[in-house]
Structure formats: C-alpha cells, structure tokens
Amino acid sequence: MQYNWFKIFNLIDFQGLNLVSKEYVLVLEGLGEKTFLVTRGNLISITYDGVQLSLSLNDKNPFEFDEHAIYKDENDDVFIGLPIGE
Amino acid sequence: MLGGQDPIIIFQLSKLADTGFAQRLSRIPLVSEIPTLVEMPPIPVYLNEQLTGVYIDSESKNIDIETETETLENGAEPEVNQKGIGSGVTINMFAKKDSLGLTLIAALLDVVFDKVTSKEYAITYINGPTTIFRAVLRSFAIDQNAENELATIKIELTKGSKQPKKIEPTVTVPGSVGTLPGG
C-alpha cells in the first residue's frame, strides 16, 4: 500500500533523551502543523490522530494499521506513513 | 537597587504555551509533557517613600539546611547528611494606606496567587546584599488598623522558581509518496 511518508524523529536521538514520551510538533509539507506523541514502552510508538503505531510490531517494518504506517530505515530515522490525500 | 538608590521588587509573570495536543494528552496515562513558558514583560515596583509610599522597615535573608549527624559503631568520624530546606528573604515594610506601592503590591500578589501551582511567575527582590532572583512567594500579609495611618506589609520569598523554557521553533518536514519513504 502507498503512503505519504514523513520523517518524525531519529530513534537514537529519542532514546538518548531517556524520556518516556515526547511530543513532536512539525509542519508537514502540504498538510500543515501536526502533533505526534512518541512513547517508549515495550516498543517505540507514535500516536497520531487517535491511531497508535508501534515500531516493528509483530516484526513488521513498515507496520501498517488503520490506513497509517510506521517505518524505520537503516539510519534509524522513523517515518510515519499517512493516507495519500489526507 | 536601581542606580544604587531604592530597593526594587520585580514581578515576572509568564504564560504556559497552549499546545493543541494538551487535551488529548490528558487521556493517555503515559504522558510526560515538558512545559514551555512564554515570559511577559517584567513589572518593577520601586520601594521608595516619596515615589510609591513604601519603605523598608527590616529585611532578613536566611538559608536553612536540615542536618543529620549519624555516629558510627566503630567510633569513626560521624556521617553527616544534609538536605536543603530553603533559602529565602523576609521583608517587612511600612506603607501609607492610600499609597501607590501598597496598592500595586497587593494587586500583583493577588495575580501571583492564581499562578502558584502552574508556576507561571517569579519575583525578584534587589536591595544590596539582600537580593533574591526569580524567587517564589512563600507568604504575604498586610496589617492595617483604624488608629494608625500606616499599614505593615510582610513578604516572604523563597528561592525555587523554574527558569521558563523557550518554545522550540517548528520544523517543516517534506513528504515522499511510495510504499516506503524515499520512493
């Protein structure tokens, strides 16, 4: 499935903060200002617009759920995939 | 003191930045939101008898430290454990009942009272060696009686206000369409 991908944060940088959660407020090209909550539990997750996406859940990368997706690349950059045309 | 003349008390109010996500966060128990404060212009009040009708009767600065000394069974030098209780300043002032300074201080401290839990304020008092920067209000009292033209004011300030944090600039992120990022 195709998504509109945006880089939200770098996994190594986030883990270096030693926080349980952090809010990222970003202006997404073509979509405006959006807020993402990144949390650290058993898995690193992004919560956006009522959808929680966990990185590598069930060993899937990208992990897709409810027309959204989360993906980590080889540089440990974490991307969120949003529905095209949102 | 400004120019070495009068004592001055400065009220520094700030505002917690409103994030659009704040309401949604309250439903998620994992959240630890880092607060960001926006500083408003500081409000100085000069404590001068002619200018604002207030003068300092007495002031004191105290540092209190809780100290526990534990002697050891082997007779070695005792262990001393210390914990800070507070570092504060007490100011006793007189003011005429209709003075500008008294009115200003009372009104501003009423505003400060609403902000004590949100920590959106700091008070700085400067008078030579009795100086405290960005303190929090510990107590405030005004006493007046019918027989006396003067009101007595007592203010206690304690060190401990948090430094407000600057709001981080918003980053613009380009997007890419595809099965994976980058096409």
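The values are calculated or read from the model by the stated rules, or taken from the named source; none is laboratory data. What you are looking at is a predicted structure, and each value in this text was computed from that prediction instead of being measured. So basically every Cβ, Gly included, is an ideal-geometry build from the backbone, and we count neighbours across all protein chains shown. SASA here: full protein model, heavy atoms, side chains in, ligands and nucleic acids out. Shrake-Rupley method; radii C 1.70, N 1.55, O 1.52, S 1.80 Å.
Being surrounded by 11 or more Cβ atoms within 10 Å (Cβ to Cβ), at pLDDT below 90 and more than 14 Å from chain A (Cβ to nearest Cβ) is not true of B:THR103. With the condition kept exactly as written, say whether any residue in region A:51-60 is in contact (Cβ under 8 Å) with a residue 24 or more places away in the chain and either among the hydroxyl-bearing types (Ser, Thr, Tyr) or surrounded by 13 or more Cβ atoms within 10 Å (Cβ to Cβ) (or both). Yes, that holds for at least one residue. Exactly one residue out of A:GLY81, A:GLY32, A:GLY41 is small (Gly, Ala, Ser) and open to solvent by 30 Å² or more (accessible area, probe 1.4 Å): that is A:GLY41. Each residue in region B:113-154 was checked for being within 17 Å of B:ILE63 (Cβ to Cβ) and among the hydroxyl-bearing types (Ser, Thr, Tyr), and 3 pass. Taking the criterion of being touching an Asp or Glu at 6+ places or on another chain (Cβ under 6 Å), open to solvent by 30 Å² or more (accessible area, probe 1.4 Å) and at pLDDT 90 or above, would at least one residue in region B:124-145 satisfy it? Scanning region B:124-145 turns up at least one residue that is touching an Asp or Glu at 6+ places or on another chain (Cβ under 6 Å), open to solvent by 30 Å² or more (accessible area, probe 1.4 Å) and at pLDDT 90 or above. Go through region A:7-33 and give me each residue that's in a strand (DSSP E or B), under 20 Å from B:VAL177 (Cβ atoms) and free of Cβ contacts under 8 Å to residues at least 60 places away in the same chain. Result: A:LEU26, A:VAL27, A:LEU28, A:GLY32. Filtering B:ALA95, B:ALA76 for residues that are farther than 23 Å from B:ARG134 by Cα, open to solvent by less than 80 Å² (accessible area, probe 1.4 Å) and touching a helix residue (DSSP H, G or I) at 6+ places or on another chain (Cβ under 9 Å) leaves a single hit, B:ALA95. Summed over region A:28-86, the residues that are away from chain B (no Cβ under 11 Å), within 21 Å of A:ASP13 (Cβ to Cβ) and hydrophobic (A, V, I, L, M, F, W, C) give a count of 6. The condition of being in contact with a Leu (Cβ under 8 Å, 6 or more places away or on another chain), under 24 Å from B:GLU120 (Cα atoms) and either open to solvent by less than 70 Å² (accessible area, probe 1.4 Å) or at pLDDT 90 or above (or both) holds for only one of B:ILE9, B:ILE56, that being B:ILE9. Looking at the structure I just gave you, is A:VAL20 in contact with an Asp or Glu (Cβ under 8 Å, 6 or more places away or on another chain) and open to solvent by 40 Å² or more (accessible area, probe 1.4 Å)? Answer is no for this residue. Can you find a residue in region A:38-57 that is in a strand (DSSP E or B), closer than 19 Å to A:ASP76 by Cβ, at pLDDT 90 or above and aromatic (Phe, Trp, Tyr)? Looking for residues that are in a strand (DSSP E or B), closer than 19 Å to A:ASP76 by Cβ, at pLDDT 90 or above and aromatic (Phe, Trp, Tyr), one finds none in region A:38-57, hence no. Whether any residue in region B:153-165 is open to solvent by 60 Å² or more (accessible area, probe 1.4 Å), within 19 Å of the chain's Cα centre (by Cα) and closer than 30 Å to A:LEU28 by Cβ is what I want to check. Within region B:153-165, one or more residues are open to solvent by 60 Å² or more (accessible area, probe 1.4 Å), within 19 Å of the chain's Cα centre (by Cα) and closer than 30 Å to A:LEU28 by Cβ.
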